[in-house]
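**Q** Input: one structure, supplied below.
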């Protein structure tokens, strides 16, 4: 027993048929919001570092002469070395040396105390020059910057060590 032809078959091929929009609507209503909810967002952390400039001096020499010795802040340099911290203050010959507690473990507590003491004696200073050795880990650099910023030194000036290369004969 055979069935008769369907209604769609009996129509002529020249008639236009309306497109089925249900799959496209499902795509926009269900799939795209689901993909957006599982999308991973990237969080960036930025550190403000001031690099040294190459110019030796500029104008304003008259203004510098008008300031007295007490008003000019002393330059504080923090050197990060593989085995210790060294803090150098302009005009003071004694270098503050903070050795490691053990191999690979820096003494951040003593560094914090010394930076805090220097801030109390140099209240008008807001900048610390940071001189890291190339072999020092990035974590040590970040912790040192955080200690300086927590002791009201908002400006960190990043110094680079001069590296010289010689050609072998």
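The values are calculated or read from the model by the stated rules, or taken from the named source; none is laboratory data. Because the structure is predicted, anything quoted here is derived from the model rather than measured. A quick note on method: Cβ atoms are made from the backbone with ideal geometry, for glycine too, and the neighbour counts reach across all protein chains shown.
**Q** Could we say that residue 82 is at pLDDT 85 or above and assigned to a loop (DSSP other than H, G, I, E, B) here? Full working, then the answer.
**A** Details: at pLDDT 85 or above: yes; assigned to a loop (DSSP other than H, G, I, E, B): yes.
So residue 82 fits the description; yes.
**Q** Then there's this: Going by the conditions given, is residue 98 surrounded by 13 or more Cβ atoms within 10 Å (Cβ to Cβ), in a helix (DSSP H, G or I) and touching a helix residue (DSSP H, G or I) at 6+ places or on another chain (Cβ under 6 Å)? Talk me through it step by step, then tell me what you get.
**A** Values: surrounded by 13 or more Cβ atoms within 10 Å (Cβ to Cβ): yes; in a helix (DSSP H, G or I): no; touching a helix residue (DSSP H, G or I) at 6+ places or on another chain (Cβ under 6 Å): yes.
Considered against the rule, which asks whether it is surrounded by 13 or more Cβ atoms within 10 Å (Cβ to Cβ), in a helix (DSSP H, G or I) and touching a helix residue (DSSP H, G or I) at 6+ places or on another chain (Cβ under 6 Å), residue 98 comes out as no.
**Q** All but one of (1) assigned to a loop (DSSP other than H, G, I, E, B); (2) at pLDDT 85 or above; (3) surrounded by 13 or more Cβ atoms within 10 Å (Cβ to Cβ) hold for residue 143; which doesn't?
**A** So the condition that residue 143 fails would be (1).
**Q** Could you check how many residues of segment 101-124 are part of a helix (DSSP H, G or I) and free of Cβ contacts under 8 Å to residues at least 12 places away in the same chain? Spell out the reasoning first.
**A** Initial filter on segment 101-124 (part of a helix (DSSP H, G or I)): 108-121.
Subsequent filtering for residues that are free of Cβ contacts under 8 Å to residues at least 12 places away in the same chain retains 109, 113, 117, 120-121.
Matching residues across segment 101-124 total 5.
**Q** Name every residue in segment 135-146 that is free of Cβ contacts under 8 Å to residues at least 40 places away in the same chain and over 17 Å from residue 45 (Cα atoms), in order of residue number. Walk me through it before giving the result.
**A** In the first step, residues of segment 135-146 are kept if they are free of Cβ contacts under 8 Å to residues at least 40 places away in the same chain; the result is 137-139, 143, 146.
Result: 137, single match.
**Q** Still on this structure, please answer the following. Please work out which one of (1) under 30 Å from residue 132 (Cβ atoms); (2) modelled with pLDDT of 80 or more is the condition residue 45 fails and give its number.
**A** (2) is the only condition that residue 45 fails.
**Q** Taking segment 101-125 as the region of interest, how many residues are surrounded by 13 or more Cβ atoms within 10 Å (Cβ to Cβ) and under 19 Å from residue 74 (Cβ atoms)? First the steps, then the outcome.
**A** Initially, segment 101-125 is screened for residues surrounded by 13 or more Cβ atoms within 10 Å (Cβ to Cβ), giving 106-108, 110-119, 122, 125.
Then drop every residue that is not under 19 Å from residue 74 (Cβ atoms), which leaves 111, 113-119, 122, 125.
Count: 10.
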